[in-house]
Structure formats: C-alpha cells, structure tokens
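Before any comments, here is the structure.
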Amino acid sequence: MQETSLKMFIFISEILGCAVLDSEGISCGKLADLKVKLGELFPKVSLLVVKKRREKKMLELDWSEVESLNRNFIQLKAGAEKKFKSLEVNPEEILLREELLDKQVVDTFGAKIERINDIHLLVVNQELRVVHVDFGIRGILRRLGWRRTIDYLFNWLFGYQFEEKMISWKYVQPLSSHPFLKNLKLNVASRKIHELHPSDLADIIEELDQASRSTIFKSLDLQTAAQTLEEVDPKLQASLLESAPVEQASDILEEMAPDEATDLLAELPEEKKEKFIKTMEKPSREAVEELLKFKEGTAGSIMTKEFFSIEKEKTIGNAIEEFKKKIYPLETIAYIYITDKDNRLSGVLTLRHLLICDKEMPLAKLMNPHLIKVEPEDDVGKVAEIFKKYKFMSLPVVDEESRLKGIITLQDIMKSRLIE
C-alpha cells in the first residue's frame, strides 16, 4: 500500500459499497465486506469481499493485493483482478459486516449490553486493523449519512452533539471459534438488573428462556417495563405483554409512547388487542385507537401524539409556562408548533425563541408561517426524503384541513428506515 495511506483512521461504514478498481482504474466491483483473521490484539484485515456487477456470488481477494485505500475507492495492484476467488468459510476468520455490525456485545457473565453500530479501523504499515467497535448513536447516524447534519443541528439548537461511544477491540473477543456460532463478549463486570438502561435490560431479556423472561419482566416497575418493552425485539414484545396480568399490561401500554404502543398492539390477534385497549385509560386509549387506523408504511403509522403546540394568540411568556409542564422526550419538543383556535397549523418556532425573545412578544409575530408538512396517508419513503432534504428534527402531520394530528421525529424515521 502507498506510503500516503499510512496511519489513517477510517470507519467500515465509510468504505462499504465503495468501488474496487484495478491498476488501470477499471471497476472490479464494490466492497461488500472485510475478513479479519483472529488471534491478535488488534486483528488485521486478511481479505476483501467484493460483489461484482450482475454476479450473485461473493468473491474474495487477499489484502496484500491492495495498492491504496481511501473513502471513495480501493485501488488494487497490477494483476490483482485475476486473483479473485469464491468466498470461503474459515473458522479463524470473521466477516466484519456480516458477523459484527448490528450484533450484540455481551459481558463476561452473559448479559448483553451493547450493539455494534460501526467498526473503527486503522491503516498502518500497509495493513488495515480493527481497533474499536462503535456502539453509540453516532455510528447509526454515520451509516445513514446523517452524522454531519445532526451534529450541525444539535450544536445550533442545543450547543450539544452526541458523544462517540467506542470500545477497544482488546476488550472484545469471540466466545466460539466457529463463525456461525460465535457471540462477542465485553471483558467488563456484569451490571445489576436495577442499574441497567432499558435497552440493556431488553438485550438481557431477549437471551433468557420464556419463563425467566416473564419473571423478570413482571418484576419491573411500570415505567421501566414500558421503556424496556419498547427496546425488545418486536417478535418478543407481544409474548412479554401477554405474560403480564391484563391490568398490568394495560398500565404498561399507557406508559409507552403512543406510537410504540400502537406498533405492539397491531401485532396482536384482534381479540387480545381489543382486550388490552378496553382496559386502558381514556386519553391513552383514544390516542392508540386513532393511530391504529393508519396503514403500515404511512406517515400516520409512525407519528407520535407527543408534541408541543400552542395557540398563536399567546406570548413567549405563555409558551415558557406551558413548556415547563411538558415531560415529553427532547426529540418531540425540538419545535413549538403554532396553531389557531381550531388546531389548524399556522407556524413554527424553535426552542431558541423561548430563550432569546421578550416574554411579551406574541407568537404570531415570531413564528415561521412557511411550513413543510405531511398527511397521515403519505408514504414513509416520502417522509424520509423530506427529512434528508430539509434536515428537520421533526415534521408535523396534518389532516386535509391542516389540523395538527401528530409529528414524526427524526428518531421515528431513522427507526423505520433501519428496520426496512
């Protein structure tokens, strides 16, 4: 590899799908994966896995055939294009994309605590080595191509950006030498159940047998149970909910975000779904029933009813007082939606207005009346394109008369696109 490529850090998400070129600059295909040989503290990439156009099978090529590497393409040495061979299974090697990305890292006691969102690589001494696994939200944003946009928005709105969360590879190792049986473990002490974040607790529950899952889930307080249920694999959500008494299950549903509760209920048989809905308190029941009307894959099916709106006749001072009463998550109150007395959407403000504007200033004079909005029946794909184009944190959903029905947050659309 050329000297100019030495000592360069790169994420696997930045090079997957990039062109693999021969020495003449002609494409040999696209990078589909990287193979790593196990056994070293920071293992080196041993093979490129390449997908050629119009060919279904994957091909591999020894890393020694790479001349140079950057985020746009991989250049091969002269004659390397003739040395491709069919992808083979080797118990001493793992595929980084296939076997690590989106997989869980478990602690030494078997409690799964982190999901690998990206892999940090180092180019050094003509070798490419694995140095960290990324388990933070920045890894997800990087894979979606939204990291820079979100960094800019969060810095501008809140003076904050998501932290990098990476674990050194030296703390990560396979539990099994067989490529189709291995899990990963993180060499740290096990955490107690009550200290775990709901997403970590969900990971543990997924690994237990059905009886143990039910026992742990029923022992949780309502808020923790609701937050954990939102993080559990959708295939297990229904069985966990059904393992609890009807009254407790309904209380848990009420604690969940309406859109999350709706997604869960939609997977249940009609009879069980109706049983749970009937026992819910009226506000939660009505919110869920409204969301259940929308088809899967539409804006209405992923929108949330948790948003901050206020009538345009009010002032900044009124908005501040109303804001203090809200307990919604940060992502649902990035914007303040301004409506008329009939709940028709009139404009929008940001949280910055509450901080810098005079308390007596009428909202109608400050609001931006030029709105981008969607309707409940609009396709999720269309919504994703709007987020990508306009860099919004959330997007209002209105009916045919422009009445505000809900919002779609960046987190909602990220989740829906990753699931697809």
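The values are calculated or read from the model by the stated rules, or taken from the named source; none is laboratory data. If you're wondering where the values come from, they're calculated on a predicted model, not measured in any experiment. Because the Cβ atoms are built from the backbone with ideal geometry, glycine has one as well, and the counts that use them run over all protein chains shown.
Taken together, Lys56, Lys82, Lys51 contain a single residue that is out of contact with any strand residue (DSSP E or B) (no Cβ under 8 Å at 6 or more places or on another chain), basic (Lys, Arg) and modelled with pLDDT of 90 or more, which is Lys82.
Being under 17 Å from Tyr337 (Cβ atoms) and surrounded by fewer than 16 Cβ atoms within 10 Å (Cβ to Cβ): is that true of Glu385 here?
no
Look at Glu114 and say whether it is exposed (fewer than 15 other Cβ atoms within 10 Å of the Cβ), modelled with pLDDT under 70 and not polar (S, T, N, Q). Considered against the rule, which asks whether it is exposed (fewer than 15 other Cβ atoms within 10 Å of the Cβ), modelled with pLDDT under 70 and not polar (S, T, N, Q), Glu114 comes out as no. Any chance region 69-79 includes a residue that's surrounded by 15 or more Cβ atoms within 10 Å (Cβ to Cβ), over 33 Å from the mean Cα position of the chain (by Cα) and closer than 21 Å to Val124 by Cβ? Taking every residue of region 69-79 in turn, at least one turns out to be surrounded by 15 or more Cβ atoms within 10 Å (Cβ to Cβ), over 33 Å from the mean Cα position of the chain (by Cα) and closer than 21 Å to Val124 by Cβ.
Determine which member of the set Leu241, Leu265, Leu220 is over 25 Å from Phe387 (Cα atoms), crowded, with 20+ Cβ neighbours inside 10 Å, among the aliphatic types (A, V, I, L, M) and over 24 Å from the mean Cα position of the chain (by Cα). Step through it out loud before you land on a result.
Details: Leu241 fails: over 24 Å from the mean Cα position of the chain (by Cα); Leu265 fails: over 24 Å from the mean Cα position of the chain (by Cα).
Of the residues listed, the single one that is over 25 Å from Phe387 (Cα atoms), crowded, with 20+ Cβ neighbours inside 10 Å, among the aliphatic types (A, V, I, L, M) and over 24 Å from the mean Cα position of the chain (by Cα) is Leu220.
Evaluating Asp412 against the criteria (1) surrounded by 17 or more Cβ atoms within 10 Å (Cβ to Cβ); (2) closer than 19 Å to Glu311 by Cβ; (3) charged (D, E, K, R) leaves one unmet condition, (2).
Does Ile356 satisfy the criteria of being touching a helix residue (DSSP H, G or I) at 6+ places or on another chain (Cβ under 7 Å), of a type in the set (Val, Ile, Thr), free of Cβ contacts under 8 Å to residues at least 40 places away in the same chain and surrounded by fewer than 16 Cβ atoms within 10 Å (Cβ to Cβ)? No: the conditions fail for Ile356.
Here the strands (runs of 3 or more DSSP E) wholly within region 1-102 that include at least 1 residues being closer than 22 Å to Arg142 by Cβ are 8-11, 19-21, 27-37, 45-51, 66-69, 73-76, 93-95. The single condition among (1) in a helix (DSSP H, G or I); (2) within 21 Å of Asn343 (Cα to Cα) that Lys293 does not satisfy is (1). Of all residues in region 30-39, those being in contact with a Lys or Arg (Cβ under 9 Å, 6 or more places away or on another chain) and either touching a residue at least 40 places away in the same chain (Cβ under 8 Å) or of a type in the set (Ser, Thr, Tyr) (or both) number 6.
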